[in-house]
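Computed from the coordinates by the stated procedures, all read-outs in this text should not be read as laboratory data. Note that the coordinates shown come from a computational prediction; the quantities given were computed from them, not determined experimentally. When we count neighbours, we look across all protein chains shown, and the Cβ atoms used for this are built from the backbone with ideal geometry, even at glycine.
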Amino acid sequence: MKKRIHELTIERLVIREPNDGRVRAVLETCGDGAVPGVRLSLLDPRGDPALVMQIDGDGAPVVHVGNPDRGVTVTISPNAVDCWSAGNIVASVRSSGDGGVVEVADGEGRVTKSSGTR
């Protein structure tokens, strides 16, 4: 007989592989603001974030493909797609009410090519 849990109140949910294996996903609230954000992290077999989806305290959604803290990452937000490498944005597509812009930067984050409306 299966039992149904109607509601479960927690601040952090950790999902492991069977038999007390590796952690593969974490759903948690985060931040110290008046309204904490919420984050879902899907981890690769080494335990590094492979996909991180979060909503900050203001309600802004962001998706990180790759580890958001280091390495090569793609960050997707409602008005931009940014490609990161070694802590710098190296390519970006952004939109606003006035139009959009595509930028390419060098490894130091300096824009080398730009097209569109800023």
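When each of Thr117, Thr73 is scored by the number of other beta-carbon atoms lying within 10 Å, the sequence from fewest to most is Thr117, Thr73.
About its Cα centre, the dipole of the chain is roughly 460 debye, where the only charges are +1 on Lys and Arg Cβ and -1 on Asp and Glu Cβ. Each of Val72, Thr117, Val104 was placed along the dipole of the chain (beta-carbon charges, centred on the mean Cα), and the one lying farthest toward the positive end is Val72. Taking one quarter of the surface of the C-alpha convex hull of the range 9-62 gives a mean projected area of 4.4 nm².
Pop the C-beta distance of Asp56 and Arg16 into the FRET formula with R0 = 30 Å and round what comes out to the nearest 0.05. For R0 = 30 Å, the calculated efficiency reads 0.65.
The candidate values are [x] 15.0; [y] 16.6; [z] 17.8; the one derived from this structure for Kirkwood radius over Cα pairs in Å carries the label [y]. Rounded, prolate or oblate: which one fits the range 79-118, using the alpha carbon gyration tensor with axes a ≥ b ≥ c (rounded when a/c is under 1.5, else prolate when a/b beats b/c, else oblate)? It comes out oblate by the Cα gyration axes. The residues neighbouring Arg70, those whose beta-carbon lies less than 14 Å from its own, together hold a net charge of -2 under the Lys/Arg +1, Asp/Glu -1 convention.
Across the chain, C-alpha contacts under 8 Å between residues 6 or more apart give a mean separation that, scaled by the residue count, equals a relative contact order of 11 percent.
When peptides 87-99, 56-68 are ranked by their average number of other Cβ atoms within 10 Å per residue, the highest-first order is 56-68, 87-99. Available extension along the chain between Ser77 and Arg24 is 16.7 nm, counting 0.36 nm per residue and deducting the alpha carbon span.
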